[in-house]
1. For the condition within 16 Å of the chain's Cα centre (by Cα) and at pLDDT 70 or above, what is the one hit in Glu29, Glu52?
2. Go through segment 2-59 and report how many residues are exposed (fewer than 11 other Cβ atoms within 10 Å of the Cβ) and of a type in the set (Val, Ile, Thr).
Amino acid sequence: MFALSLSNADCVQVDVSAPLAYVMAAKDETELITVKKACQATMDLFDKFLKEQLIYLLNKDEVCYFYCSLSVVIVTVMTTTTNSC
């Protein structure tokens, strides 16, 4: 179904191997500090906003017991892990 919808779209294939190689390359100390700060900002955003929004959306419609319990497990794992990147 995904392949069918892509074949009907006006998409252009792009080679992203060079940018991915750059992202995966060894980092110097300033780049590592920047990545750690970005990681911490992402975790803070999830903890302070997105987690509550996800719980609200899942509980609002009573989607399914499985998905609600899965969200509790995910939130529990996310909140009990260390804050290191």
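1. Unique residue meeting the criteria: Glu52.
2. Total meeting the criteria: 5.
The values are calculated or read from the model by the stated rules, or taken from the named source; none is laboratory data. In this text, all values refer to a predicted model and were calculated from it rather than measured experimentally. Backbone-built Cβ (ideal geometry, glycine too); neighbour counts: all protein chains shown.
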